[in-house]
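**Q** Quick one: this structure, given as structure tokens, is what I'll be asking you about.
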Amino acid sequence: MEKVELWTAGLCICAAAIGIAEKLLPEGNVRSAVYFVMGLIVISCFLSPIGSIPEPELAVPEQEVQTDWLNRTTNEMFGQRINMIVSTYLENKEIVPQKIETYTDIDSDGGIYIDMVRITLGSEYKERIDEICACLLRDLGIDADVVIKTAM
């Protein structure tokens with residue numbers, strides 16, 4: 001409300017000053033030029049509050065992200081993708097795994113890392129364990145734990 005009072009007082013002072021200046025002006029061509037300038041002054045006084053209107057603040061509401069769910073889901077998807085990569089790799093080497101388990105975890109910075117990959121193979125691959133482990137490490141960078149499942 002104080003701003004409106006100041007604006008109104010400014011308009012009144014402007015009008016009074018222009019009224020006094022009008023009485024002091026001589027007749028002639030100068031008078032029309034001064035009227036034009038006085039009109040500009042009145043308009044600028046009248047519009048002065050527009051320049052001081054604060055910009056509206058657009059507040060975006062904070063959204064709570066459920067990081068536990070997001071981390072768990074991302075971790076599971078990463079593990080599934082690693083399983084698919086290892087499975088495809090082994091199938092290209094004509095090795096059929098019985099089971100592939102990928103254990104992943106999230107570090108303190110939020111990065112996902114492979115904790116362990118366990119590959120269960122049939123007894124027909126018993127002699128090739130070292131070769132399979134070496135190939136996985138060399139080609140995929142995965143230090144896998146290869147387990148042979150024997151028939152019961």
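The values are calculated or read from the model by the stated rules, or taken from the named source; none is laboratory data. These figures come from a predicted structure and were not determined experimentally. Glycine also receives a Cβ, built like all others from the backbone with ideal geometry; neighbour counts cover every protein chain displayed.
**Q** Which residue out of Glu76, Glu62 is of a type in the set (D, E, K, R), under 35 Å from the mean Cα position of the chain (by Cα) and not assigned by TED's automatic domain parsing to the domain that holds Leu140?
**A** Glu62
**Q** Looking only at the stretch 108-131, which residues are assigned to a strand (DSSP E or B) and exposed (fewer than 13 other Cβ atoms within 10 Å of the Cβ)?
**A** Residues satisfying the conditions are Tyr113, Asp115.
**Q** Looking at the stretch 83-96, is at least one residue farther than 15 Å from Ala144 by Cβ, among the hydrophobic types (A, V, I, L, M, F, W, C) and modelled with pLDDT under 85?
**A** no
**Q** Among the residues of the stretch 51-66, is there at least one that is free of Cβ contacts under 8 Å to residues at least 40 places away in the same chain and surrounded by 10 or more Cβ atoms within 10 Å (Cβ to Cβ)?
**A** No, that holds for no residue.
**Q** Testing Glu22 on (1) among the charged types (D, E, K, R); (2) exposed (fewer than 11 other Cβ atoms within 10 Å of the Cβ); (3) over 30 Å from Asp139 (Cα atoms); (4) more than 35 Å from the chain's Cα centre (by Cα), one condition comes back false. Which one is that?
**A** Tallying (1) among the charged types (D, E, K, R); (2) exposed (fewer than 11 other Cβ atoms within 10 Å of the Cβ); (3) over 30 Å from Asp139 (Cα atoms); (4) more than 35 Å from the chain's Cα centre (by Cα), Glu22 fails exactly one: (2).
**Q** Now for a separate question. For the stretch 27-35, state whether one or more residues are part of a loop (DSSP other than H, G, I, E, B) and over 48 Å from the mean Cα position of the chain (by Cα).
**A** Within the stretch 27-35, one or more residues are part of a loop (DSSP other than H, G, I, E, B) and over 48 Å from the mean Cα position of the chain (by Cα).
**Q** Looking at this structure, is Ala134 assigned to a loop (DSSP other than H, G, I, E, B), aliphatic (A, V, I, L, M) and not assigned by TED's automatic domain parsing to the domain that holds Leu6?
**A** No, not satisfied.
**Q** Examine the stretch 83-100 for a residue that is within 31 Å of the chain's Cα centre (by Cα), exposed (fewer than 13 other Cβ atoms within 10 Å of the Cβ) and not basic (Lys, Arg), and state whether such a residue exists.
**A** Among the residues of the stretch 83-100, at least one is within 31 Å of the chain's Cα centre (by Cα), exposed (fewer than 13 other Cβ atoms within 10 Å of the Cβ) and not basic (Lys, Arg), which makes the answer yes.
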